[in-house]
Number of protein chains: 2
Amino acid sequence: MPELRKDPIIDRWVIISTERGKRPVFFAEEAPTTKVAVCPLCPGNENMTPPEVYVVRPPGSTPGSPDWSLRVVPNKFPALRIEGTLNREGIGIYDKMNGIGAHEVIVETPNHGETLSDMPVDRVQGVFVAYRERTRDLMRDTRFKYIMVFKNSGSVAGASLDHAHSQLIALPIVPRRVSEEVGGGLAYYKYKERCIFCDIIAQEKEENTRIVYENERYIAISPYASRFPFETWILPKRHSAVFSEEDPVDNYYSLAEVLSTILRKYVKVLNNPPYNYIIHTAPAASIGIGHYHWHIEIIPRLTKMAGFEWGTGFYINPTPPEEATTYLRETEI
Amino acid sequence: MPELRKDPIIDRWVIISTERGKRPVFFAEEAPTTKVAVCPLCPGNENMTPPEVYVVRPPGSTPGSPDWSLRVVPNKFPALRIEGTLNREGIGIYDKMNGIGAHEVIVETPNHGETLSDMPVDRVQGVFVAYRERTRDLMRDTRFKYIMVFKNSGSVAGASLDHAHSQLIALPIVPRRVSEEVGGGLAYYKYKERCIFCDIIAQEKEENTRIVYENERYIAISPYASRFPFETWILPKRHSAVFSEEDPVDNYYSLAEVLSTILRKYVKVLNNPPYNYIIHTAPAASIGIGHYHWHIEIIPRLTKMAGFEWGTGFYINPTPPEEATTYLRETEI
C-alpha cells in the first residue's frame, strides 16, 4: 500500500510508493524515451488496461469492443489505491495516511499519434466532458477531498506513453498549492470584496499586452509573473470557482476552442514542444465561493528547471510574457 | 534591467529577464548539452569572466594570474544587476521591483573535469568558506534581504558549463519557500518551545532507519517525506539558524566531510547522477533565532518532474527513503 507522508516543517504531502521502489540501477539505466512494442492505449488492446470506467462509443456498440472514441481506465500502476479506509496516524513528529485515492487515465483518442492539438474542437470538448464526469463520479466518494486533472505531453514533460492521454488523481487531502491559491484569493477578497482573478482579467483587458487569445466565454493570457517562457493561463470570463460545475455543452466547447488554439500556436511558434497542463480548481466542496476562480495553467517545457527553482519556489524566466504574447498572437494557425 | 514581478495570488516573486528574451526558435533548436570550445572557467581564461571578487591563491602570487585554486566571479550573464536603487512600484493589481541583486559564480577548482566528489575534503571545505565570505560581504549591502547558494551539477540539473562551479544569488526579497520554512518552524516553536529540526534529528537518531551518514558535528538523512528518490538533507547537530555563522575552521571541515561522503556514495550507487543542492538558511538578519535550523538539501536528478508536481507542489516518490538509506549506507566508498 502506498503511503501519504507529510513534511512536518511545511504542510506538504508526498505520495511514497512503498511497493514499487525502483532499484538504483534502474535510474542509472533508464533510457530518455520509453518505447513500448505494443501500445496499451490503442483500440484492440483493451485487455492490457483495467476495465473502462467511462467511455464514448457509437450508439449500439458493445462494451469492451474497440470502436470507442474516448476511454477512461484506472491506471495500471496507480500512485494511490482505491480500496481501503483512510487511516491517519502520527509517528512521533511525523504524520502519515494510507495511500487511498484514485488514479485514472483519460485516453483522448483511439488514433495512436494523433495529438490534442490535431483533434477537432468537439473532440477536445469531449475530453473536458470526460474530466467532468469522472470528477463528479469520484466526488461522491467521501474519502476524497480533491480531484486533480493534468496532462503530461511528451517524454520530457513526464509522459511515459506516446498515445495522447491525460490523468486524474483523486486525493484524500487538498494539495498545498490549492490551499495557498484559495487562501491568497480569500485574503484579497476580504480586503476588496472582489475576486482577484476577475480583477486580473479586467486589468489584462485594459492593458491588452498579455492577452494571447479570447472568445466569448474564455480568455488566454501570459500571466504577469510568468514562471516559465510561454506559460499560458486559460480562465472563464464569468466568475466560477469549480471546473466541474461549468455547463458541459456551451462552456466546454468554448474552452476547447481556446485550448486548441493555444496548443496549435505552441506547435507553430515553439516547434511542437513537450508541455503540461493542470486544471486549478477549488475543491468541489467550495462550489459558489466568490474568492476563487478556476483556470488551466499550461507550461511548455522549454527550459531545464534548475534545482534552486525546485528548492526555493523562486523562478527566473528568460522570456517576458509580453514578448511571448506577441509571438503567440501574431502566429497564424 | 531585469524585473522582479510578484504573482498577485500567492506571494511568489519571479525574475523576468526583460533584456535577454530568448527568441522562440532558440528554445526549439537548443541542443541538450551546450559544449563550449574554450572553457571560461579554466585557468588562463580569466579575461573571459568579470574580475574576481574572491580568490584562493598561494602566498605571493599575482592577482589575475592563473595559479588560483578557487575563484568567485560575477556571473557574466547575471539574472539580476548589482547597480541601481531598489524601486518597488504597483501597476494596478500587480507589484514589481527593479531587478537589483548579485549573481556570482564560485569556480570550485582550477581543474576542468574534476568534480566536487573527486576533491579532497579540505578543498570542499574551501568551497564552503567561499560561500561564507561572499555571503558576509554581500550582506553588508542593505538592499539585499537574502543570499541563496546553490549548485547545479550536470546539464540535466541545469548547469550550462561543465567546469565544476556553484552559484550565489543575492536577492532584495526573501524567497517564498524560505519564509514558509521559517514560518513552519515558528508555528512549531510556539507550540512546543523547541526547534522542529532538532526534534527531527532526535527522532531520526532513535528510529535509525533514515540516517545515511553522520560525523561528530553533522548528520545526513533521507527525509521522512522525501519528494525525490535519494533526496538527502545535511543538518548541523547543534542548533544553528544561519549557515554563514558557522565556524569556518572546524565546522566547515566536518560539513565538507559529510557532503563529500554523500556525493561519493551517489557516484557509486546512482552512477554519477546529475544533482542539485541548495543551502537552506534563515536570512542573515535572523541570527540566533530558535525556530529555524539551516541545512543543505541535495536532490539527485533521477526522475522527470511531471507538470503537476510543478503546478501543485504535490510529489510522487517511487523510492521509500528507508530503502534509499539502506542503499547509500551499505555502499563502500
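The values are calculated or read from the model by the stated rules, or taken from the named source; none is laboratory data. Nothing here was measured: the structure is a model prediction, and the numbers come from that model. Reconstructed Cβ throughout: ideal geometry from the backbone, glycine too, with neighbour counts over all protein chains shown.
Numbers at a glance
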{"item": "A:Glu89 modelled with pLDDT of 90 or more, away from chain B (no Cβ under 11 Å) and within 30 Å of B:Glu206 (Cα to Cα)", "result": "yes"}
{"item": "Any chance B:Gly99 is in contact (Cβ under 8 Å) with a residue 40 or more places away in the chain, out of contact with any Gly (no Cβ under 6 Å at 6 or more places or on another chain) and at positive phi", "result": "no"}
{"item": "Candidates A:Ser117, A:Ser69, A:Ser65, filtered to the one that is hydroxyl-bearing (Ser, Thr, Tyr) and crowded, with 21+ Cβ neighbours inside 10 Å", "result": "A:Ser117"}
{"item": "Test for B:Ser117: is it under 24 Å from the mean Cα position of the chain (by Cα) and of a type in the set (Ser, Thr, Tyr)", "result": "yes"}
{"item": "Search result, residues across the stretch B:198-222 that are in a loop (DSSP other than H, G, I, E, B) and crowded, with 22+ Cβ neighbours inside 10 Å", "result": "B:Arg210, B:Ser222"}
{"item": "Flag if B:Lys35 is at pLDDT below 90, away from every other protein chain (no Cβ under 14 Å) and within 30 Å of A:Pro300 (Cα to Cα)", "result": "yes"}
{"item": "Any chance B:Tyr131 is modelled with pLDDT of 95 or more and over 21 Å from the mean Cα position of the chain (by Cα)", "result": "no"}
{"item": "Flag if A:His295 is touching a Leu at 6+ places or on another chain (Cβ under 6 Å) and within 17 Å of B:Thr312 (Cβ to Cβ)", "result": "yes"}
{"item": "Which listed residue is at pLDDT below 95 and in contact with an Asp or Glu (Cβ under 8 Å, 6 or more places away or on another chain), from B:Ser179, B:Ser160", "result": "B:Ser179"}
{"item": "Single match in B:Val129, B:Val156 (criterion: within 8 Å of another protein chain (Cβ to nearest Cβ), surrounded by fewer than 22 Cβ atoms within 10 Å (Cβ to Cβ) and either among the hydrophobic types (A, V, I, L, M, F, W, C) or part of a loop (DSSP other than H, G, I, E, B) (or both))", "result": "B:Val156"}
{"item": "Of all residues making up the stretch B:275-289, the number that are over 16 Å from the mean Cα position of the chain (by Cα) and not polar (S, T, N, Q)", "result": "4"}
{"item": "Of all residues in the stretch A:44-77 being in a loop (DSSP other than H, G, I, E, B) and in contact (Cβ under 8 Å) with a residue 60 or more places away in the chain, the one that is nearest to A:Asp137 (Cα to Cα)", "result": "A:Val53"}
{"item": "Of all residues making up the stretch B:174-213, the number that are within 9 Å of chain A (Cβ to nearest Cβ) and not small (Gly, Ala, Ser)", "result": "14"}
{"item": "Residue count for the stretch B:52-77, restricted to those that are within 25 Å of B:Ile169 (Cβ to Cβ) and of a type in the set (Gly, Ala, Ser)", "result": "1"}
{"item": "Test: residue in the stretch B:97-111 that is among the hydrophobic types (A, V, I, L, M, F, W, C), modelled with pLDDT under 90, touching a Ser or Thr at 6+ places or on another chain (Cβ under 7 Å) and buried (at least 17 other Cβ atoms within 10 Å of the Cβ)", "result": "no"}
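Every residue, every condition in (1) at pLDDT 95 or above; (2) more than 19 Å from A:Glu322 (Cα to Cα); (3) β-branched (Val, Ile, Thr), yes or no:
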site: A:Ile219; (1), (2), (3): yes, no, yes
site: A:Ala225; (1), (2), (3): yes, no, no
site: A:Pro229; (1), (2), (3): no, no, no
site: A:Thr232; (1), (2), (3): yes, no, yes
site: A:Lys237; (1), (2), (3): yes, yes, no
site: A:Glu245; (1), (2), (3): no, yes, no
site: A:Pro248; (1), (2), (3): no, yes, no
site: A:Leu259; (1), (2), (3): yes, yes, no
site: A:Ala284; (1), (2), (3): no, yes, no
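One line per residue, one yes/no per condition, for (1) surrounded by fewer than 16 Cβ atoms within 10 Å (Cβ to Cβ); (2) under 18 Å from the mean Cα position of the chain (by Cα):
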site: A:Ile169; (1), (2): no, yes
site: A:Ile196; (1), (2): no, no
site: A:Phe230; (1), (2): no, yes
site: A:Leu259; (1), (2): no, yes
site: A:Asn271; (1), (2): yes, no
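Every residue, every condition in (1) closer than 20 Å to B:His163 by Cα; (2) not β-branched (Val, Ile, Thr), yes or no:
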position: B:Pro59; (1), (2): no, yes
position: B:Arg71; (1), (2): yes, yes
position: B:Pro74; (1), (2): yes, yes
position: B:Phe77; (1), (2): yes, yes
position: B:Ile93; (1), (2): no, no
position: B:Met97; (1), (2): no, yes
position: B:Ile100; (1), (2): no, no
position: B:Ile106; (1), (2): yes, no
position: B:Pro110; (1), (2): yes, yes
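Here is a yes/no grid of residues against (1) at pLDDT 70 or above; (2) of a type in the set (Asp, Glu); (3) within 30 Å of B:Ser179 (Cβ to Cβ):
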site: A:Ile10; (1), (2), (3): yes, no, yes
site: A:Ser17; (1), (2), (3): yes, no, no
site: A:Arg20; (1), (2), (3): no, no, no
site: A:Arg23; (1), (2), (3): no, no, no
site: A:Phe26; (1), (2), (3): no, no, no
site: A:Ala31; (1), (2), (3): no, no, no
site: A:Cys39; (1), (2), (3): yes, no, no
site: A:Gly44; (1), (2), (3): yes, no, no
site: A:Asn47; (1), (2), (3): yes, no, no
